[in-house]
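Remarks on the structure that follows.
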Amino acid sequence: MTPHAPQVRSRWAIVGALLALAALIRVAAMFYGSLSGEDATVALVAKHVLSRENFPVFFYRQTYMGSLNGIHLVPALYVFGPSVLLVRLNAVVWSLLFPLGLYVLARRIFDERTGRVALALAAVPPFLLTYWSTVAEPHLETNVFGVWLLLLALAALTARS
């Protein structure tokens, strides 16, 4: 075991604790409202992809990224079957990729402390942002993909040939 192992373990324990707090807050917030039209449409996209009826490129006549939300729901829908809880929990799980990506990006650009602050701010946002991260909202993927694409671009720019 290297001398840095306890420090790395401690760092990821803090990250894990903040992500667990974020998940707890989002799960509590998801019971605030009932099934939305966004949730229903995303579930419909997933159902159509799973049954091979249709492969919607766009969000049923709306040109934004909502179909991705339905597509990443397909494995869970296949295993557990359709339910409101499943759609909401899927959104919660995917919403946690944003604070995690933000942490990694801020840590890479700045330092560990900045990464933790960014993670804390993204993990415990104001209520309205928390609530919308529990609804199958297509804009969530834009944020998640944006952060992870920034990380990939940074890795490509700093990679040695």
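Tabulated results
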quantity	calculated
Region 112-128 residues that are closer than 13 Å to Arg26 by Cβ and without any contact (Cβ under 8 Å) to a residue 12 or more places away in the chain, paired with ones that are open to solvent by 50 Å² or more (accessible area, probe 1.4 Å) and assigned to a helix (DSSP H, G or I) (beta carbon under 8 Å, 6 or more apart)	none
Single condition Val49 does not satisfy, out of (1) modelled with pLDDT under 70; (2) surrounded by 12 or more Cβ atoms within 10 Å (Cβ to Cβ); (3) not aromatic (Phe, Trp, Tyr)	(1)
Selected residue [open to solvent by 30 Å² or more (accessible area, probe 1.4 Å), at pLDDT 90 or above and assigned to a helix (DSSP H, G or I)] from Leu68, Leu102, Leu89, Leu128	Leu102
Checking Pro6 against (1) assigned to a helix (DSSP H, G or I); (2) at pLDDT below 85; (3) under 21 Å from the mean Cα position of the chain (by Cα), the condition it does not meet	(3)
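The values are calculated or read from the model by the stated rules, or taken from the named source; none is laboratory data. Just so it is clear, the model here is predicted, and its values are computed rather than measured. As a convention, Cβ positions derive from the backbone with ideal geometry for all residues, glycine included, and neighbour counts pool all protein chains shown. Remember, those area values only see protein heavy atoms, side chains included, never the ligands or the DNA or RNA. Shrake-Rupley method; radii C 1.70, N 1.55, O 1.52, S 1.80 Å.
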